[in-house]
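Notes follow once the structure below has been shown.
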Amino acid sequence: MALSILPIVTYPNPILEQPCAPVTAFDRQLGRLLDDMYETMLAADGVGLAAPQVGIAKRVAVVDVGDEHGRIELINPVIVEARGEQVDVEGCLSFPGLFGEVPRAEYVNVRAQNRRGRLFTVSATGFLARALQHEIDHLHGVLFTSKVIRYCDLEELEG
Ligand code: CO
């Protein structure tokens with residue numbers, strides 16, 4: 001079946017600020033959603049995408065920051081450990097053109113289920129840790145704008 005690029009929901013759509021429901025059915029429909037979300041993320045030049053960003057209030061996210069971890073599919077993810085602090089520039093596909101500095105944990109350990117429902121953990125530092133925290137926040141209805149300590153203008157970023 002051909003993949004679909006899904007429309008990305010932008011702020012202030014209320015679905016972005018509501019907590020998402022846990023996934024209970026690990027079926028073909030979930031696999032299809034994950035495949036379409038990944039394709040949508042790549043087409044939008046993103047490094048992560050959460051299901052509410054495509055209009056589905058379920059605890060599903062995909063992340064790929066282009067490192068050796070590759071494509072990470074997160075179903076019902078939970079941060080089980082977080083340490084340290086980093087501050088860096090962040091954006092979000094639901095806020096086109098908006099960037100700001102956000103403090104995040106430097107290290108996280110995340111437990112999630114894969115598309116077959118099997119539990120796994122992923123440990124990450126730096127940019128991948130940031131992306132994981134950003135996407136998991138989405139599943140709680142928490143947007144990066146609530147954590148920005150300083151907004152950046154585009155000229156500064158293109159510097
Ligand atoms: Co986002």
**Report entry** Positive-pole candidate from Thr40, Ile8, Thr121, dipole of the chain, charges at beta carbon
**Finding:** Thr121
Report task. Calculate, for Asp88 and Gln29, the FRET efficiency according to 1/(1 + (r/R0)^6) with r their C-beta to C-beta distance and R0 30 Å; round to the nearest 0.05. Result -> 0.25
Report summary line: Ignoring trypsin sites (Lys or Arg not before Pro) buried by more than 13 other Cβ within 10 Å or outside DSSP loops, the longest site-free run in the chain is 1-70
Requested in this report: Counting other Cβ atoms within 10 Å, keep those with at most 14, restrict to DSSP loop, and tell me which GluC sites (Glu not before Pro) in region 72-139 are left.
Outcome: Glu85
Query raised in the report: Going by the alpha-carbon gyration tensor, a ≥ b ≥ c the square roots of its eigenvalues, is region 53-123 rounded (a/c under 1.5) or, if a/c is not under 1.5, prolate (a/b greater than b/c) versus oblate?
Result: oblate
Query raised in the report: If each of Ser146 and Ala2 carries a label point 7 Å out from its Cα toward its Cβ, how far apart are those two points in nm?
Result: 3.9 nm
Report summary line: Here, Thr121 and Asn13, labelled 7 Å along Cα→Cβ, have an inter-label distance in nm of 3.5 nm
Query raised in the report: In region 1-69, what GluC sites (Glu not before Pro) fall in a loop by DSSP, with at most 13 other Cβ atoms inside 10 Å?
Result: Glu68
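Since every read-out is calculated from the coordinates, none of them should be taken as a lab result. No experiment lies behind these values; they were computed from the predicted model shown. When we count neighbours, we look across all protein chains shown, and the Cβ atoms used for this are built from the backbone with ideal geometry, even at glycine.
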